[in-house]
Amino acid sequence: MTAVETTGPVRVNHEGLRFRAFWTLFGTELRVWLREPTGVFFALIFPSLLLLGLGLAVPDFSKPMADAPPPWNEAPGITSYLPTIIALAVGTISLTTMPVQFATFREKGILKRLSTTPMPPQNLIGVHMVINVLALIVSAGAAVVGGMVVLGVPFAADPLVVLLVLVLSTTAMFSLGLLVAARAEKGQTASGLGMLIYFPSLMFSGVWVPLSVMPDWMQEIGLYLPLGAAAQGLTMGWFGNEGFPLAQVLVLAVWTLVLFPLGVKLFRWT
Amino acid sequence: MTSPVVEVSHLRKTYPAAKRGGTPKTAVADVSFQVARGEIFGILGPNGAGKTTTVECLAGLRRSDGGTVRVLGQDPQADPLLIREHVGVQLQEAALHDKITVAEALDVFGSFYSERADPAELLDLLDLTAHRHQQFGKLSGGQKQRLSIALALVGKPQVAILDELTTGLDPAARRATWELVERVRDSGVTVLLVTHFMDEAERLCDRLVVIDGGRVVAEGTPSALIEGLEGDRGVRLRFADDGARERATQLLAALAERDADVTAAVPIGDEIEVTGTRKVLFAVVQELAAADVVPDDVRTLERTLEDVFVQVTGREYRVEENEEVAA
């Protein structure tokens, strides 16, 4: 057989083209994502709304924490709830937004459709990881700013510790979300499985029972769960009076190292 | 002489058993064919015959277990990326976000390719210009299908694979889609059309293979396949009144007795069906003319690819032969 006479296939691998295509995909996906009001509400607004709602409605949350060590004895009670709300923002995006997104891409054949183009479907997952990180920054940022401006919550004592724990919480929880989405054939299946993990996780991260009054045995269990460790580590970083959250940081790092490769390995593209 | 654009030889694919202890399912047992540049080539067969598995192997979406595949001279099994730029694929199911608009989808898919078709021209070709700002979820079935074809063409492919593109469309939308596929072919794109619709294949394909049970059971142009059919041709006659019909029935029954070209004459409803060799129409007309019995209407029974299928497989053509192998 001779080669095909007209323009034969060549592997087009211009990095510039790939780069532009990735950001075109990103821009389009972001715009389309913003058109889903419920998804956007839970990913971006729900945590701040819960924080402000509780802070303004529950009288105890606006009273100063009189028995806390200075300078925290002048901060409003809602302060101890802010780190939990940040953990809630991470948990909501990784367990409610992400798994449904990815499983729906699979269900609708979008991943398979991309496999037929020069743009590998891995890039779509990558784009949405970026979008979810941005959503998290907006969501957590809004909670912090809202808490400080509206409720008078003081800023973190150790912002770098908070940032470190936040980054590790994100990697651990996003890996968990990826794993939840790895096999589900339908968006609904992934949603159900995500919820099954989401609600207990919220319990151990202090959304239902604040960490400050949570029984010790629950805190013990929470330490070994990704979202529990996240809330505890964020709290320690925010108040800065219990030292560096070494155990929590290690737990989050281990979860990431276990869950991420597992999620990638089990992820089905069709 | 140009080499084939697509060349499949002795392709084989077996899926592992769905359940533990189950039997593995051979989706493609032995499929070979060649597609020349610029033609509409059909892969025709009932659901579960192995059509989709075949095109997935040649699009580099699936690993085959045996045989060779060449697309534009390259082996998509060894390196699927080699053909991605030049092969546009339209998959069976719709594959877009509900909230993406037509223009956005074309733009984002276009960005994947180093060469791309002019979106305005493509919208025009596919009659989507008026809907370019509409969201995918709000398009009709036909519009979705046309967008899906547009996306398969946006990277200026040399080969377009169209899988079951008229399923679920109303007759008008189907005909419009057929015309569109011909226009695509006329623009120089080689089209691989996967379908279970006999009429679609007959109407559209320059050449085709009929696949059944993972094997090619017939290959050729639709007209050659139909011409090659063995067996009887049929003529249906209708008469203005019962008297003429009875007279004709007697005449034709007698004709069937003595003329080797006429096999039988059977009344069907208020018509008479006469079967025989390719000379049957001639014989019938002569006989009736000689007796001055004038039929109201004479029509030859159409022979279709469906008859070809019946002949090569020995059974009726049913679309849902067996379960389509799950992906």
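Could you tell me whether any residue of the range A:15-28 is within 14 Å of chain B (Cβ to nearest Cβ), loosely packed, with under 14 Cβ neighbours inside 10 Å, of a type in the set (Asp, Glu) and within 30 Å of B:Thr101 (Cα to Cα)?
Yes, the range A:15-28 contains a residue that is within 14 Å of chain B (Cβ to nearest Cβ), loosely packed, with under 14 Cβ neighbours inside 10 Å, of a type in the set (Asp, Glu) and within 30 Å of B:Thr101 (Cα to Cα).
Considering only the range B:277-288, state which residues are in a helix (DSSP H, G or I) and either in contact (Cβ under 8 Å) with a residue 40 or more places away in the chain or of a type outside the set (Phe, Trp, Tyr) (or both).
Residues satisfying the conditions are B:Val280, B:Leu281, B:Ala283, B:Val284, B:Val285, B:Gln286, B:Glu287, B:Leu288.
Out of the residues in the range B:74-95 that are within 25 Å of the chain's Cα centre (by Cα) and in a loop (DSSP other than H, G, I, E, B), state the one that is surrounded by the fewest Cβ atoms within 10 Å (Cβ to Cβ).
That would be B:Glu93.
Failed condition for B:Gly168, given (1) crowded, with 16+ Cβ neighbours inside 10 Å; (2) under 30 Å from B:Glu56 (Cβ atoms), with all others met?
B:Gly168 satisfies all of (1) crowded, with 16+ Cβ neighbours inside 10 Å; (2) under 30 Å from B:Glu56 (Cβ atoms) except (1).
Taking interchain pairs and intrachain pairs at least six residues apart, which have beta carbon atoms under 7 angstrom, with the first residue in the range B:193-217 and within 18 Å of B:Gly48 (Cα to Cα) and the second polar (S, T, N, Q) and in a strand (DSSP E or B)?
B:Ala201/B:Thr195; B:Gly214/B:Thr26; B:Val216/B:Ser32
Among helices (runs of 4 or more DSSP H) lying entirely in the range A:46-130, which contain 1 or more residues that are open to solvent by 40 Å² or more (accessible area, probe 1.4 Å) and of a type outside the set (Ser, Thr, Tyr)?
In the range A:46-130, A:46-57, A:59-62, A:98-107 are the helices (runs of 4 or more DSSP H) which contain 1 or more residues that are open to solvent by 40 Å² or more (accessible area, probe 1.4 Å) and of a type outside the set (Ser, Thr, Tyr).
Please count how many residues of the range B:1-24 are surrounded by 12 or more Cβ atoms within 10 Å (Cβ to Cβ) and in contact with a Ser or Thr (Cβ under 7 Å, 6 or more places away or on another chain).
Final tally of qualifying residues: 9.
Could you say whether any residue in the range B:19-35 is in contact (Cβ under 8 Å) with a residue 12 or more places away in the chain and in a loop (DSSP other than H, G, I, E, B)?
No, the conditions are met nowhere in the range B:19-35.
Determine which single condition B:Gly88 fails, assuming it passes every other condition in (1) within 14 Å of chain A (Cβ to nearest Cβ); (2) out of contact with any strand residue (DSSP E or B) (no Cβ under 6 Å at 6 or more places or on another chain).
(2)
Out of the range B:96-128, which residues are at the interface with another protein chain (Cβ under 7 Å from one of its Cβ atoms) and surrounded by fewer than 17 Cβ atoms within 10 Å (Cβ to Cβ)?
Answer for the range B:96-128, where residues must be at the interface with another protein chain (Cβ under 7 Å from one of its Cβ atoms) and surrounded by fewer than 17 Cβ atoms within 10 Å (Cβ to Cβ): B:Lys99, B:Ser114.
Anything in the range A:148-163 that is over 14 Å from the mean Cα position of the chain (by Cα) and assigned to a helix (DSSP H, G or I)? List them, or say none.
Of everything in the range A:148-163, those that are over 14 Å from the mean Cα position of the chain (by Cα) and assigned to a helix (DSSP H, G or I) turn out to be A:Met148, A:Val149, A:Val150, A:Leu151, A:Pro159, A:Leu160, A:Val161, A:Val162.
Determine if the range A:221-241 includes at least one residue that is over 17 Å from the mean Cα position of the chain (by Cα) and without any contact (Cβ under 8 Å) to a residue 12 or more places away in the chain.
no
Condition first: over 24 Å from B:Pro16 (Cβ atoms), part of a loop (DSSP other than H, G, I, E, B) and either at the interface with chain A (Cβ under 7 Å from one of its Cβ atoms) or out of contact with any Gly (no Cβ under 8 Å at 6 or more places or on another chain) (or both). Can you find one or more residues in the range B:58-71 that meet it?
no
When you scan the range B:224-262, how many residues do you find that are under 20 Å from B:Asp292 (Cβ atoms), in contact (Cβ under 8 Å) with a residue 40 or more places away in the chain and open to solvent by 30 Å² or more (accessible area, probe 1.4 Å)?
Of the residues in that region, 3 qualify.
Anything in the range B:96-117 that is touching a residue at least 40 places away in the same chain (Cβ under 8 Å), assigned to a loop (DSSP other than H, G, I, E, B) and aliphatic (A, V, I, L, M)? List them, or say none.
Scanning the range B:96-117 gives a single hit, B:Leu96.
Can you run down the residue pairs with Cβ atoms below 6 Å, 6 or more apart or on separate chains, where the first is in the range B:289-310 and closer than 19 Å to B:Thr275 by Cα and the partner is assigned to a strand (DSSP E or B) and open to solvent by less than 30 Å² (accessible area, probe 1.4 Å)?
Correct list of pairs: B:Pro295/B:Leu237; B:Val298/B:Leu237; B:Thr300/B:Val235; B:Leu301/B:Gly234; B:Val308/B:Ala218.
Restrict the check to the range B:54-61 and report whether at least one residue is at positive phi and open to solvent by less than 30 Å² (accessible area, probe 1.4 Å).
Yes, there is a match, as at least one residue in the range B:54-61 is at positive phi and open to solvent by less than 30 Å² (accessible area, probe 1.4 Å).
The values are calculated or read from the model by the stated rules, or taken from the named source; none is laboratory data. Computed from a prediction, not measured in an experiment: that's the story for all the values here. Every residue, glycine as well, gets a Cβ built from its backbone with ideal geometry; the counts of neighbours run over all protein chains shown. SASA here: full protein model, heavy atoms, side chains in, ligands and nucleic acids out. Shrake-Rupley method; radii C 1.70, N 1.55, O 1.52, S 1.80 Å.
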